């Protein structure tokens, strides 16, 4: 049996090795980073920074950070942005610094920096806008809405703030508020992005304004390449149970892009609702042919097999859907029912 002293010595030895390992890892990482900065294209800037009387050190740190960012070396870049910001805290450096912190997932530091910048540069809308984006990405919806409301209080013509607010309200299931905000964004800046987001919201809630907006977008589509207006019109007609009209729209999507899996899926569902099960099944098979990792295609093919009384085939397709998406609860439920 080991003595208590021997056991204690062994324990300290293990801890010591662990600490040494951490130090070695840190040292190795520092050496690796130093090696990167001592080679092109960073070497000239690194050499300049090593000089005692170098002028405009903030600008050199910033240029090196930009180079590092372009090469996806964000962990190194953020250090240089920080150094540049600490020497000369200007607006553009702050924007790049905060964006890089967000890329690295260092959101609390990014929020702290942006909150500081809002105080330093109150007339610059990019800081609250970026802050709102970070709040959205981290699920802090109420705080993000507060940011956009603050922007709109300063400038009611800020169409970007109206648009972002609309998207957030849509996520919160505030349909009336979302339509109002998206409508305002579209009124101020009638671009396709805003038009189609608003039209899709109308379509999902059976509002015929979806058709008007989509037709207006299509009338300006000189290249005849847009798909979304047809797709949104199809969704509207499907929601109104006008399935034949919906299929016409989904076919228009497919003619323009035969790989548009969502159009096949929605067309198949419209056929299924009309009890045209064989045609629906062939359509769902097309979704699988276009993308063999499309779980919804397998699920709806399974639905067709099930209604046709081919339970084994239905289960096989449901299992494939579940294999592609482990959270596909509808597929799991149907397997249980059939078994």
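At a glance:
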quantity: Value in Å of the Kirkwood radius, where region 38-138 supplies the Cα pairs that are averaged; calculated: 14.0 Å
quantity: Choice from 72, 192, 207 showing the highest fluctuation, given a GNM over the chain with Cα pairs closer than 10 Å; calculated: 72
quantity: Length added when fully stretched, residue 323-residue 140, from 0.36 nm per residue minus Cα-Cα; calculated: 62.7 nm
quantity: Estimated 222 nm signal from helices in the chain, with DSSP H stretches of n ≥ 4 weighted -39500 (n - 2.57), rounded to 500; calculated: -25000 deg cm²/dmol
quantity: At R0 = 45 Å, FRET efficiency that the Cβ-Cβ distance of residue 88 and residue 176 yields, to 0.05; calculated: 0.45
quantity: Potential lengthening between residue 38 and residue 209 on full extension [0.36 nm per residue; Cα-Cα distance subtracted]; calculated: 55.5 nm
quantity: Label-to-label distance, nm, for residues given as residue 119 and residue 53 (7 Å Cα→Cβ offset); calculated: 3.8 nm
quantity: Computed lengthening from residue 275 to residue 79, 0.36 nm per intervening residue step minus Cα-Cα distance; calculated: 64.4 nm
quantity: Stokes-Einstein diffusion coefficient of the chain, Kirkwood radius over Cα pairs, 37 °C, 0.692 mPa s, in µm²/s; calculated: 130 µm²/s
quantity: Likely footprinting exposure, 205, 39, fewest C-beta neighbours within 10 Å first; calculated: 39, 205
quantity: Folded to 0 to 90 degrees: helix 243-256 orientation relative to the chain principal axis, Cα; calculated: 50 degrees
quantity: Span from the region 61-101 Cα centroid across to the region 278-335 one, whole angstrom; calculated: 49 Å
quantity: Where Rh is the Kirkwood radius over Cα pairs, Rg/Rh for region 103-180; calculated: 0.98
quantity: Separation between Cα centres of region 169-208 and region 28-58, rounded to whole Å; calculated: 50 Å
quantity: Choice from 183, 139, 297 showing the highest fluctuation, given a GNM over the chain with Cα pairs closer than 10 Å; calculated: 139
quantity: FRET E, pair residue 255, residue 307, Förster distance 22 Å, beta-carbon r, rounded to 0.05; calculated: 0.15
quantity: Acute angle (nearest 10 degrees) that the helix 91-103 long axis makes with the longest principal axis of the chain, alpha-carbon atoms; calculated: 70 degrees
quantity: Projected area, mean over directions - region 163-223, Cα convex hull, nm²; calculated: 3.9 nm²
quantity: Crossing angle, helix 159-171 versus the chain [Cα axis fit, 0-90 degrees, rounded to tens]; calculated: 70 degrees
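Readers should treat all values here as calculations from the given coordinates under stated rules, not as data from a laboratory. What you see is a predicted model; the values in this text were computed from it and never measured. Ideal geometry is used to build each Cβ from the backbone, glycine not excepted, and the neighbour counts take in all protein chains shown.
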